[in-house]
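Undergrad: What follows is a single structure, and I will ask about it in a moment.
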Amino acid sequence: MTMEYGGVWNGCLEMNSRQVIQLEFFLEAGDFSTAGEASSQIKRILQQIGVKAETARRIAIGAYEAEMNVIIHSLGGKMRVAILPDRTDISVEDNGPGIADVKLAMQEGYSTAPDHIRDMGFGAGMGLPNMARCSDEFSITSEVGVGTKIRMVIHHP
Amino acid sequence: MLSGDGMEEYFHSVRLAADRCKGCVNCIKRCPTEAIRIRGGKARIMQSRCIDCGECIRRCANRAKTAITDNLSDLEQYKYNIALPAPTLYAQFSPDIEVRAIIKGLLALGFDEVYEVAKGAEYVSAAVREYIAQGKFEKPAISSACPAVVKLIQVKFPELIDHLIPLDAPVEVAANLARVSHAGQIPSEDIGVWFITPCPAKMTAVRQPLAGEASAVTGTISISEIYGRLLKLITSGANNVEIAEKPDSLGREEASSEGIGWAIAGGESAAVVPKSTMIVHEIHSVSDVLEQIALGKLKDVEYIEALACSGGCIGGPLTVENRFVAEHNMRKRLEHLQKQEELQPPSRIPSPIALKVTKGFEPRSGLKLDEDIVTAMKKLELMQETLRNLPGLDCGSCGSPSCQALAEDIVQGAAREADCVFKLRERVRDMAREMVDLAEKLPQSMEKNDAGREGGDGI
Ligand SMILES: Nc1ncnc2c1ncn2[C@@H]1O[C@H](COP(=O)(O)OP(=O)(O)OP(=O)(O)O)[C@@H](O)[C@H]1O
Ligand code: SF4
Ligand SMILES: [Mg+2]
């Protein structure tokens, strides 16, 4: 991991009087070259502001699974992250194709990942359940032909 | 002339010899935790971030980065001195020189006894095997044998501390065993236990144990410090000390290939034989792999052997022999040993293993911008703003390893924007322009009354 945001920092960092760090990451379908960088950057920021290691780790893992799902399963999308003193709020939105049966997708072990994705070590069907496990609040909505929305809130103890 | 930060919260053995430092930026660019800055023309090491990996020692052409270690004259302070040679010491010599000859050489150097760290490694191998077999750990388990890696985790990946195997390193085990064998005979305070080390990281771990307990090792002496004299003693045959005189060292069964193999990357895994293992060496590569684990990957790997030095301990910064030559020497030696062991298997380590389980490793907050989260957030925002104004060339001329690091230093009050040579030039250019502008604005008294001016009418 580099210590710089440069190059892959395709988001912006803003803060208003409410003390919130806002980040935005654009996620391109099939772009594995930058996979994980958004999550690593989020984790680095959490470390810099002194969020406990265990919490930062849950946030990074949740963000990583979300990031990978957009890259692997969707037509592309973006991830917005708001870091507040007491919590981190992540929302991920993609441009389709959406999930027909969300309940099924949420089951551990359910995956539609093709062989070439499995060869890369993904496709265990653990991403969505992991996201739910990592967050204190989790919601997912999806519409076929439109896209999938995920929200994760993790409190900083 | 050695200088540190003076801050004694963390002890470090990597130091700067200020008189030799030319203020070049080689070391700051190479440091895996960005712990070095050039200030006032000299390198400064940030104590809270240094992991004693020794990358800067390797990198410095002026030999301004040194490691403080003990030396042979320190033996005088103790009545009875035990040498603990790292298996890496053997790799400094041709495989034709027997371990026995090296041990004798150490005795001739002034030690009263030798206890091989490779023996300690055999115990640790057995203990790690047991730890893995019990399966009560977070996967992947990360070896804690290399103190630089442990510290990298403490400083940069505190969330992975629970992955570290909470067992003592081989040298600590060896030191304890060596001391125990004299219990009741020689008072403990009269015994000096000296680790012959390949690296400053081990040196620091002895002075300031990673998990907070006191070390059984008295001090460390670098391989490079004794190599010359040892080689002379060994090759001249002057190491023919009377075995009867110093019976303890040579009466003991020599370490097996399993323990000696720990000197090279892959040696630990070969001894531990986990179901699924991954071997990573060289500190930047280790950092990359840790980053992956931090994202929840590599859960299918049972055991990670991670070593700060390229090639493993044989690539340690305080060794003498070229890393590839040392590896070749070691492989030959192991081949030979394994052939012998086929005929006469070494005795197994007694089990269950009475190994001290370390209390656990504490995280270090080397990256935190402020104790208060809101202040830290404000600093981070200011840092991003500052960074946007910097050229993004990461040239290091400012004395910070990257523009990002300079932005952080500025926010923390440890640097100024004008430390950036491009920013400085920009300002000089702006000032020069302003000067030209001003120079063209002649005072009214000097202005010629040009007919074309102001409609030609004048005032
Ligand atoms: N953003 C998305 N768009 C469309 N389908 C999705 C999306 N995210 C998940 N899915 C569907 O839900 C399934 C389950 O997702 P989940 O992340 O749990 O597992 P996975 O991605 O297949 O495997 P893993 O995350 O363990 O590598 C996926 O296989 C895919 O069919
Ligand atoms: S790999 Fe070995 S020599 Fe290098 S720092 Fe780690 S313990 Fe020391
Ligand atoms: Mg997934």
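The values are calculated or read from the model by the stated rules, or taken from the named source; none is laboratory data. Model, not experiment: these values are computed from the prediction. Using ideal geometry, Cβ is built from the backbone for each residue, glycine included, and neighbour counts are taken over all protein chains shown.
Undergrad: Identify all residues within segment B:58-74 that are among the hydrophobic types (A, V, I, L, M, F, W, C) and crowded, with 21+ Cβ neighbours inside 10 Å; write none if there are none.
TA: Result: B:60, B:64, B:67.
Undergrad: Being surrounded by fewer than 19 Cβ atoms within 10 Å (Cβ to Cβ), of a type in the set (A, V, I, L, M, F, W, C), more than 16 Å from ligand 3 (Cβ to nearest atom) and modelled with pLDDT under 95: is that true of residue A:113 here? Spell out how you get there, then give the answer.
TA: On the way: surrounded by fewer than 19 Cβ atoms within 10 Å (Cβ to Cβ): yes; of a type in the set (A, V, I, L, M, F, W, C): yes; more than 16 Å from ligand 3 (Cβ to nearest atom): no; modelled with pLDDT under 95: yes.
In short, no.
Undergrad: Quick one: is residue A:67 surrounded by fewer than 24 Cβ atoms within 10 Å (Cβ to Cβ) and acidic (Asp, Glu)?
TA: Criteria not met by residue A:67.
Undergrad: Another question, if that's okay. Looking only at segment B:367-399, filter to residues that are within 29 Å of the chain's Cα centre (by Cα) and more than 9 Å from chain A (Cβ to nearest Cβ); which one of those is surrounded by the most Cβ atoms within 10 Å (Cβ to Cβ)?
TA: This residue is B:398.
Undergrad: Continuing with the same structure: I need a count of the residues in segment B:102-139 that are buried (at least 23 other Cβ atoms within 10 Å of the Cβ) and in a loop (DSSP other than H, G, I, E, B).
TA: Matching residues across segment B:102-139 total 3.
Undergrad: Continuing with the same structure: Any idea which of A:62, A:76, A:50 is within 18 Å of the chain's Cα centre (by Cα), more than 8 Å from ligand 1 (Cβ to nearest atom) and closer than 25 Å to residue B:365 by Cα?
TA: Exactly one residue qualifies, and that residue is A:62.
Undergrad: Which residue, of A:111, A:135, A:91, A:142, is within 10 Å of ligand 1 (Cβ to nearest atom) and touching a residue at least 24 places away in the same chain (Cβ under 8 Å)?
TA: Sole residue among the options that is within 10 Å of ligand 1 (Cβ to nearest atom) and touching a residue at least 24 places away in the same chain (Cβ under 8 Å): A:142.
Undergrad: Only residues in segment B:147-158 that are within 18 Å of residue B:197 (Cα to Cα) and touching a residue at least 24 places away in the same chain (Cβ under 8 Å) count as the first member; pair them with residues that are within 16 Å of ligand 3 (Cβ to nearest atom) and not acidic (Asp, Glu), Cβ under 6 angstrom, at least 6 apart or cross-chain, and list the lot.
TA: none
Undergrad: I'd like the residue in segment A:118-151 that is of a type in the set (Lys, Arg) and either surrounded by 17 or more Cβ atoms within 10 Å (Cβ to Cβ) or within 14 Å of another protein chain (Cβ to nearest Cβ) (or both) and, out of all such residues, is farthest from the chain's Cα centre (by Cα).
TA: Only one residue fits best here, namely A:118.
Undergrad: Within segment B:292-309, which residues are free of Cβ contacts under 8 Å to residues at least 24 places away in the same chain and not polar (S, T, N, Q)?
TA: B:295, B:296, B:297 - these are the residues of segment B:292-309 that are free of Cβ contacts under 8 Å to residues at least 24 places away in the same chain and not polar (S, T, N, Q).
Undergrad: Residue by residue through segment A:64-103, note down the ones that are under 13 Å from residue A:26 (Cα atoms), of a type in the set (A, V, I, L, M, F, W, C) and either touching a helix residue (DSSP H, G or I) at 6+ places or on another chain (Cβ under 9 Å) or away from chain B (no Cβ under 14 Å) (or both).
TA: Scanning segment A:64-103 gives A:66, A:68, A:70, A:75, A:79, A:81, A:92.
Undergrad: Then there's this: When you look at residue A:148, is it hydroxyl-bearing (Ser, Thr, Tyr), within 12 Å of ligand 3 (Cβ to nearest atom) and either in contact with a strand residue (DSSP E or B) (Cβ under 9 Å, 6 or more places away or on another chain) or under 16 Å from residue A:63 (Cα atoms) (or both), yes or no?
TA: On the way: hydroxyl-bearing (Ser, Thr, Tyr): yes; within 12 Å of ligand 3 (Cβ to nearest atom): yes; either in contact with a strand residue (DSSP E or B) (Cβ under 9 Å, 6 or more places away or on another chain) or under 16 Å from residue A:63 (Cα atoms) (or both): yes.
Here the answer is yes, as residue A:148 does meet what is asked.
Undergrad: Right, here's the next one. Can you find, within segment B:400-413, the residue that is surrounded by the fewest Cβ atoms within 10 Å (Cβ to Cβ) among those that are in contact with a helix residue (DSSP H, G or I) (Cβ under 9 Å, 6 or more places away or on another chain) and assigned to a loop (DSSP other than H, G, I, E, B)?
TA: Within segment B:400-413, the match that is surrounded by the fewest Cβ atoms within 10 Å (Cβ to Cβ) is B:412.
Undergrad: Scan segment B:271-285 for residues that are under 23 Å from the mean Cα position of the chain (by Cα) and part of a helix (DSSP H, G or I) and report the count.
TA: Within segment B:271-285, residues that are under 23 Å from the mean Cα position of the chain (by Cα) and part of a helix (DSSP H, G or I) number 3.
Undergrad: Is there a residue being more than 14 Å from chain A (Cβ to nearest Cβ) and within 19 Å of residue B:84 (Cα to Cα) anywhere in segment B:290-308?
TA: No, that holds for no residue.
Undergrad: Within segment A:86-98, identify whether any single residue is within 13 Å of ligand 3 (Cβ to nearest atom), under 17 Å from the mean Cα position of the chain (by Cα) and under 24 Å from residue B:138 (Cβ atoms), and answer yes or no.
TA: Filtering segment A:86-98 down to residues within 13 Å of ligand 3 (Cβ to nearest atom) leaves A:92, A:94.
With the extra rule that they be under 17 Å from the mean Cα position of the chain (by Cα), the set shrinks to A:92, A:94.
Checking the rest, the ones that are also under 24 Å from residue B:138 (Cβ atoms) come to none.
Scanning segment A:86-98 turns up no residue that is within 13 Å of ligand 3 (Cβ to nearest atom), under 17 Å from the mean Cα position of the chain (by Cα) and under 24 Å from residue B:138 (Cβ atoms).
Undergrad: Just wondering, is there one or more residues in segment B:153-171 that are away from chain A (no Cβ under 14 Å), in contact with a helix residue (DSSP H, G or I) (Cβ under 8 Å, 6 or more places away or on another chain) and either more than 30 Å from residue A:53 (Cβ to Cβ) or more than 16 Å from ligand 2 (Cβ to nearest atom) (or both)?
TA: Here is the first cut: in segment B:153-171, the residues away from chain A (no Cβ under 14 Å) are B:165-171.
The next check asks that each one be in contact with a helix residue (DSSP H, G or I) (Cβ under 8 Å, 6 or more places away or on another chain); those that pass are B:165, B:167-171.
Next, only the ones that are either more than 30 Å from residue A:53 (Cβ to Cβ) or more than 16 Å from ligand 2 (Cβ to nearest atom) (or both) stay: none.
Checked against the condition, which is being away from chain A (no Cβ under 14 Å), in contact with a helix residue (DSSP H, G or I) (Cβ under 8 Å, 6 or more places away or on another chain) and either more than 30 Å from residue A:53 (Cβ to Cβ) or more than 16 Å from ligand 2 (Cβ to nearest atom) (or both), segment B:153-171 yields no hits at all.
Undergrad: Taking residue B:218 as the residue in question, decide whether it is under 13 Å from residue B:13 (Cβ atoms), among the β-branched types (Val, Ile, Thr) and more than 16 Å from ligand 3 (Cβ to nearest atom).
TA: no
Undergrad: Right, next: Evaluate segment A:16-37: report whether one residue or more is of a type in the set (A, V, I, L, M, F, W, C), within 10 Å of another protein chain (Cβ to nearest Cβ) and more than 23 Å from residue B:294 (Cα to Cα).
TA: yes
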